[in-house]
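Here it is, the structure, as structure tokens.
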Amino acid sequence: MKFVADESVDQPIVDRLRSDGHEVVAVAELDPGISDDEVPAISNDLNSVLITSDTDFGELVFRQRMNSAGVILLRFAGLSADTKAHIVSRVVNEHGQEFSASFSVVGPTTVRIRRGRA
């Protein structure tokens, strides 16, 4: 799969997804400090699912009706970066294409996928 990782995403998650064979564009490597409004545009231009820990993207998707190729919101308070990377890898392998054109929330033990508003 193809992903854009927002700056809020830990580097071990980016590294793990890449080692799993996924294409990942990391905003921190591409253009650090860009605005939240610019990140979804990059994701859409690349037809890639956006991965973020920033809840502002929920606002953009639902209230402002932002178009999106898909968003995965990570909710991992208190977990190590390596644990987060393991969980994201497992969830992506289990749910794969379900994340396209969806708004999804991934926590330590939960995955919620809402289709049609991403």
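Nothing in this text is a laboratory measurement; each read-out follows from the coordinates by a stated rule. The structure displayed is predicted, hence computed values, not measured ones. Methodologically, a virtual Cβ is constructed for each residue, glycine included, from the backbone with ideal geometry; neighbour enumeration extends over all protein chains shown.
Given +1 on the Cβ of Lys and Arg, -1 on the Cβ of Asp and Glu, and no further charges, what dipole in debye does region 69-118 carry about its Cα centre, rounded to the nearest 20?
220
Using modelled amide H (1.01 Å from N, peptide plane; none on Pro or chain starts), what sits under 5 Å from the amide H of S53, excluding residues fewer than 5 places away?
Under 5 Å from the amide H of S53 lie the amide H atoms of S8, V9, L74, each far enough along the sequence or on another chain.
Additional query: Under 10 °C and 1.306 mPa s, how fast does region 2-115 diffuse according to Stokes-Einstein, given a Kirkwood radius computed over C-alpha pairs? Answer in µm²/s, whole number.
The estimated diffusion coefficient comes to 115 µm²/s.
In the Gaussian network model of the chain, springs joining C-alpha atoms below 10 Å, which of S53, S89, S35 carries the largest mean-square fluctuation?
Fluctuation is largest for S35.
Would you pull out the residues with amide H under 5 Å of A26's amide H, same chain only if 5 or more places away, H placed 1.01 Å from N?
A5
Might you report the magnitude of the Cβ-based charge dipole of the chain about its Cα centre, with Lys and Arg at +1 and Asp and Glu at -1, to the nearest 20 debye?
680
DSSP H helices in the chain with Cα extent of 15 Å or more along the helix axis and mean Kyte-Doolittle hydropathy at least -0.5?
TM-like helix candidates: 81-95.
Relative contact order for the chain: what percent, with Cα pairs under 8 Å and sequence separation of 6 or more?
27
Go ahead and estimate [θ] at 222 nm for the chain from helices alone: -39,500 (n - 2.57) per DSSP H run with n ≥ 4, summed, over the residue count, rounded to 500.
-10000 deg cm²/dmol
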